[in-house]
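Worksheet: the structure to be examined is printed underneath.
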């Protein structure tokens, strides 16, 4: 996610690696963490002494940036590095997902310029920027030097009173957004007040004792922070959540080009387009960073809501009536509400706190009731379940909230628990291994390291009924190879709550229809599934195979002259005669034409509706669509 220019002099601070925790103690997510080595705590103490920064403050800033987790030199989503969240160069990752030529402005645009904090902090300690990115000792020293530099720039000294550092902490965050910078500083000082103790994934035991401190915010006036655009919008939330509303950016990013803008589109849902899906994400950065990113129009992404990990606080940023850019699939965006949850997919339960689960569940219950969204896993989905629009977009689709989000627990919280609804011999099953005992070997392939053993919310799929058989491979992820145990490799993982038709059984193994082939998972005694009633689709008699799609767009004749007809491009997965897939139901056939910020083109902001009928199905890890004319709907047997 984007990182902003700083508000003073030449140095840019950043925030991004992980959710700040306000909980005094957070246990390790690992059941078999490496042996504890005390060096990291000592590294913070050494850097604090060297640069005159209070040790507790340095620890609290790092806790807010990274939860004291090292990431093997890999950047966060917002381009930050290491324990201190020092910023490199951000990249735009547009979430609109409309690949038509008519909206090329977002695709061509770049994120707003940001000072390279890695480089500037490296100069402060006379170290190579590469070392700041990859070496944790250097990263901590650079962060301490940067924080001290910010304080001296603002006040001319390094105060003894811990509360007087508050403006420098806000400056370190690096955003011009007053709400985001203040939220970051508030969380740092809340961590100081509560204290924190945890064992990191790599076995580091770090402790920050609680400190009685009163933040001195008087110096905040020295920072050139911007207030959010005035709005009369009230948050659309259940009253029990006490949500607030901070507007995401809606502004041009290239003067004179109305197609270059961010971060969402105006609409009139559900009047013009039905809302039928709720998409859950994780932020891959802190809550303040996400707020800041969505306030930057060059971020080219947004969500309707953001949920904070530490206390479950909910901030709405895009009204439900408008189309947020979050799913990377324009058709899904047009019919979905997006909820970003503070956390990192590979960190799992460390970030997905009970407070977050409960707040998101309350919000989903509210939204589902308001917009008549079915409470099932074809309509309450993760970003990782959103289909690519066309074959070329599949490999780049996101995979959050990832393998450690507890879907069974969440669906129970929303009032739709996973349970058996059919006899044991039903050919339709719901994936449901017990989360606590479902331990899978998973790697963080971006950081090139194994992840600790921990409960997971999926089953691995193999090409044959054997643990030694290769994992199935999505053709767009692995055109000529097998699937992998990478956390990001969604192509070989069936997620809890998803429903599939049994193709074969072999001993303790169950084979399901999956993206046009049989995929096998270990299911001794049916322990990883529950039998399910429902409806399935199968190709009509006489059809050897049928195509699948990543969006339900209208036929060409439905478009008015001023709106370019969008191609109806099949995905690379075909369904052969004899195969069956779980039915999600009929979906709208439409294309929302919104190419500009100012409605300056003919028929701008028009929803084109077609007569072709589509059905949603559980195609694989991601949902897909088929033509109703290609299939028969039958009851599961």
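Quick notes
- Flag if residue 281 is at negative phi and in a strand (DSSP E or B): yes
- Of the residues contained in segment 358-375, one or more are found to be in a loop (DSSP other than H, G, I, E, B) and surrounded by 20 or more Cβ atoms within 10 Å (Cβ to Cβ).
- Any hit, segment 342-354, residues being touching a helix residue (DSSP H, G or I) at 6+ places or on another chain (Cβ under 7 Å) and not assigned by TED's automatic domain parsing to the domain that holds residue 69: yes
- Hits in segment 93-150 (condition: part of a helix (DSSP H, G or I) and either at pLDDT below 85 or not assigned by TED's automatic domain parsing to the domain that holds residue 74 (or both)): 101, 102, 103, 104, 105, 106, 107, 108, 117
- Strands (runs of 3 or more DSSP E) fully within segment 532-637 that include at least 2 residues being closer than 30 Å to residue 264 by Cβ, at pLDDT 95 or above and under 27 Å from the mean Cα position of the chain (by Cα): 545-549, 570-576, 581-587, 590-593, 614-618, 623-627.
Table: residues versus (1) within 27 Å of residue 99 (Cβ to Cβ); (2) in contact (Cβ under 8 Å) with a residue 12 or more places away in the chain; (3) in the same structural domain as residue 154 (by TED's automatic domain parsing); (4) in contact with a strand residue (DSSP E or B) (Cβ under 8 Å, 6 or more places away or on another chain).
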| site | (1), (2), (3), (4) |
| --- | --- |
| 234 | no, no, no, yes |
| 239 | no, no, no, no |
| 246 | no, yes, no, yes |
| 251 | yes, yes, no, yes |
| 258 | yes, yes, no, yes |
| 262 | yes, yes, no, yes |
| 269 | yes, yes, no, yes |
| 277 | yes, yes, no, yes |
| 289 | no, yes, no, no |
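- If the condition is being surrounded by fewer than 17 Cβ atoms within 10 Å (Cβ to Cβ) and in contact with a strand residue (DSSP E or B) (Cβ under 7 Å, 6 or more places away or on another chain), then segment 196-216 contributes 197, 205, 207.
- Residue ID - modelled with the lowest pLDDT, chosen from residues in segment 193-207 that are over 15 Å from residue 453 (Cβ atoms) and within 27 Å of the chain's Cα centre (by Cα): 200
The values are calculated or read from the model by the stated rules, or taken from the named source; none is laboratory data. Bear in mind that the values here come from a model prediction, so they are computed numbers and not experimental data. Reconstructed Cβ throughout: ideal geometry from the backbone, glycine too, with neighbour counts over all protein chains shown.
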